[in-house]
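Peer 1: Following this message is one structure expressed as C-alpha cells.
We did not get these values from a lab; they are worked out from the coordinates using the rules stated. In this text the structure is predicted, and so the values were computed from the model without any measurement. So basically every Cβ, Gly included, is an ideal-geometry build from the backbone, and we count neighbours across all protein chains shown.
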C-alpha cells in the first residue's frame with residue numbers, strides 16, 4: 001500500500017537522521033520556548049498558572065487586552081519557529097543541505113515563500129468551501145440526514161484537493177517554485193493514497209498524543225519528553241510532505 005510506504009519512509013527518515021533532526025529543530029524550538037518563558041515572566045505568569053483554571057480566568061478578566069496581545073505574539077512566534085524548522089528540514093532532505101552547527105540557516109526568503117504558498121492554498125480551500133457550504137445548507141433544509149453524507153464527502157474531496165496541491169510547499173522551501181496546476185497534474189491518481197495516508201497520520205497523532213498525556217504527569221521530565229515528541233511529530237509531518245514532493249514531482253522511489 002503506497003500510503004503506508006510513504007508514512008513508513010517519512011518516519012524512517014526522521015529516525016535515520018535523528019542527529020540532523022535534533023540539530024535542525026532543537027535550537028529554534030528552544031529559542032521560542034525561552035522567549036515564551038520570558039514573556040510569561042514579564043506578565044507575571046508561571047507554568048502552574050496554566051494548570052490553575054481559577055488563576056487563568058482571573059487573568060483573563062483583569063488583563064484581557066494584554067492577554068490578547070500575548071496570544072498574538074505566541075502564535076506569531078510558533079509560526080516563525082515552525083517555518084524555520086520545516087523549511088530547514090525540506091532543504092536537508094531534498095537538497096542534502098546538512099546543518100553545519102546547532103543553529104540552522106534562517107532563510108527568510110524561503111520561509112516567506114513557504115508562508116505565501118500556504119496562504120494561497122488556504123485561499124483556494126476557502127474558495128472551494130464557500131459553494132460546498134451553500135450546497136450543504138440547501139440539502140440540510142430539505143434532507144438533514146443526506147446533508148451529513150454530503151458533508152463527509154465534501155470534506156474528503158477538500159482534503160484530497162489540498163494534498164494534491166501540497167507539493168508547492170516543499171518546492172517553495174528549496175527555491176524551485178511549483179505552480180498549483182503543476183502540482184495538481186503531478187499528483188494525478190493519488191486520491192486513494194491521500195485518503196489512506198490521512199487516516200494513518202491521524203492514528204499516529206492520536207497515539208503520540210495519548211502517550212504524551214500519560215508522560216506529562218511526570219514532573220519536569222514529562223514536559224521535556226512531550227516537547228521532544230511534538231518536535232518529532234512535526235518533523236514526521238514535514239517528512240510526509242517532503243516524500244510526497246520527492247515521489248510525485250521528482251519521481252523518486254519510496
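Peer 1: For the range 2-248, what is the relative contact order in percent, using Cα pairs closer than 8 Å and at least 6 residues apart in sequence?
Peer 2: Here the relative contact order equals 31 percent.
Peer 1: Using the 10 angstrom Cβ neighbour count as an exposure proxy, how do 10, 5 rank, fewest first?
Peer 2: The order, fewest Cβ neighbours first, is 5, 10.
Peer 1: OK, next. Averaging the inverse of every distinct alpha carbon separation and then flipping it gives the Kirkwood radius. What is it for the chain, in angstrom units?
Peer 2: 20.5
Peer 1: Can I ask one more? Using Cβ contacts closer than 10 Å as the measure, can you line up 16, 164 from fewest to most?
Peer 2: 16, 164
Peer 1: Compare the peptides 83-95, 194-206 by average per-residue count of other Cβ atoms within 10 angstrom and give them in order, highest first.
Peer 2: Ranking, from highest mean packing down: 83-95, 194-206.
Peer 1: Ranking 250, 97 by Cβ neighbours within 10 Å, fewest first, what do you get?
Peer 2: In increasing order of surrounding Cβ atoms, one gets 250, 97.
Peer 1: Would you work out the Kirkwood radius for the range 140-221? I mean one over the mean of 1/r across all pairs of different Cα atoms, in Å.
Peer 2: Computed over Cα pairs of the range 140-221, the Kirkwood hydrodynamic radius comes out at 15.8 Å.
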